[in-house]
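All remarks here apply to the structure that follows.
Each value in this text was obtained by applying a stated rule to the coordinates, not by laboratory testing. Here the structure is a predicted model, which is why all the values come from computation and not from measurement. Counting neighbours? That spans all protein chains shown, and the Cβs are built from the backbone with ideal geometry, glycine included.
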Amino acid sequence: MSIAIVTGSGGLIGSASVRRFAKEGFTIVGIDNDYRSYFFGEEASTRWSVERLKSELPNYRHYNTDIRDYNELEKVFQEYQGDISVVIHTAAQPSHDWAAKEPFTDFGVNALGTLNLLELTRKYAFDAVFIFTSTNKVYGDLPNYLPLMEQETRWEVDPSHRWAKYGIDETMSIDQSQHSIFGASKISADVMTQEYGRYFGMKTTIFRGGCLTGPQHAGAELHGFLAYLMKCAMTGKEYRIFGYKGKQVRDNIHADDLVECFWEVYQSPRIAEVYNIGGSRHSNCSMLEAIKMCEEITGKKMNYVYVEQARKGDHIWWISDVRKFQSHYPQWKYTYDIRKILEEIYHGLQGRI
């Protein structure tokens, strides 16, 4: 029996990971205590997603365990010791706005929770592949100091800059910038995951994601850009744009495309590898461009307001250079672009709102 442990199994990336690895015959041990509803309210709960996994996948086993609780987590690892082939760690407190309200909770979930999982993997499943979803927020606000040029609907990087054509690569520093409390806790987890690879020789891989999205996303104002935007477009709820004239740019990768990266890594793992991952130049948009697409898809005018104050540590322009990953795993390809992602989110929300 091959076991895949997936934390945050009810979430966007977690649930996509569950389905992808279940399809390959794995027994899935899902760990998710629906803390997302504590972070963002009942509308962001992932309970519905977990119930769907339970009902649709006979090889799914669920544990309502808090990843901050080492002793309870250890019981899960002990139960499946000897059969664990991969640990996919997607559970997180994902909002830099929310983190400032409860720094201890944020650090506990993001940093301590990751350390618990790394140590238990080392202790009970040393040969397992460990995949961690980090974030581009580990780079802090350094991207905002790139030579940016204002265009009609977006900010862009001066075309003469080395990151203009393909996006930002992994050589950007993660030091000496403003990260947000969330960014700092994720750096701790990111570096610790690297260190367990380098120091102990474990098969750890870190994905520094741009905007991860898809129809399973339980979008809320503080997290889940495209899903929440589409929800507002469909319901008429007011959407707030924070700063940068609404021209801030994000690259967006569909959950299924990201999880296909995980599958590639599982089949050919490396040690302490770090990848920037996102929609790259293939799939990106500004806030204003996303609003226009939502209006076209829904046939409704969006109700939005502009707030001058930008979020602390927020990026004005982020596009991931994914060529390093593609060079290591040349079989991987995108299957979604930004328009296709938004259309799928629209159809997915039709039955839920």
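Each of the peptides 227-233, 261-267 was scored by the mean count of other Cβ atoms within 10 Å over its residues; in descending order, highest first, they stand as 227-233, 261-267. Remark: relative contact order (the stretch 125-203) = 45 percent; criterion is Cα-Cα distance under 8 angstrom and separation of 6 or more residues.
Relative to the dominant Cα principal axis of the chain, helix 338-350 is inclined by about 70°. Highest mobility in the GNM of the chain, judged by mean-square fluctuation with C-alpha springs under 10 Å and restricted to ALA125, ALA310, ALA272, is found for ALA310.
Legend: residue pairs LYS23/LYS324; LYS23/LYS54; LYS137/LYS324, Cα-Cα distance threshold 23 Å; pairs beyond threshold, LYS23/LYS324. The length gained on full extension between LYS301 and HIS328, counted as 0.36 nm times the residue separation minus their Cα-Cα distance, comes to 5.4 nm. Note on TYR166 and ARG122: with the Förster distance fixed at 41 Å, the Cβ-Cβ geometry gives a FRET efficiency of about 0.70. Using alpha-carbon pairs under 8 Å, 6+ residues apart, how would you state the relative contact order of the stretch 3-350 in percent? Here the relative contact order equals 19 percent. As a length-normalised measure over Cα pairs under 8 Å and 6 or more apart, the relative contact order of the stretch 180-263 settles at 25 percent. Computed 3J(HN,Hα) for the stretch 166-181, one whole-Hz value per residue from the Karplus formula 6.51 cos²θ - 1.76 cosθ + 1.60 where θ = phi - 60°, is 10, x, 7, 9, 6, 7, 4, 5, 9, 10, 6, 8, 8, 9, 6, 4, glycine and proline marked x. Working from the Cα coordinates of the chain, the gyration tensor eigenvalues give, after taking √(5λ), semi-axes of 31, 23, 19 Å in decreasing order.
So, R0 is 25 Å and r is the distance between the beta-carbons of SER37 and ARG240; what FRET efficiency does that work out to, to 0.05? The formula returns an efficiency of 0.70 here. In the chain, what % of DSSP beta bridges are antiparallel (nearest 5)? DSSP beta bridges in the chain are roughly 15 percent antiparallel.
The modelled label-to-label distance for the pair GLU343/GLU51, using points 7 Å beyond Cα in the direction of Cβ, is 3.1 nm.
To the nearest 10 degrees, how steeply does helix 287-298 sit against the main Cα axis of the chain, on a 0 to 90 scale? Roughly 90 degrees between the two axes. For the chain, the longest principal axis of the alpha carbon atoms and the long axis of helix 225-235 meet at an angle near 60°. Only helices enter this figure: runs of n ≥ 4 DSSP H residues, each worth -39500 (n - 2.57), summed and divided by the residues of the chain, yield -11500 deg cm²/dmol at 222 nm to the nearest 500.
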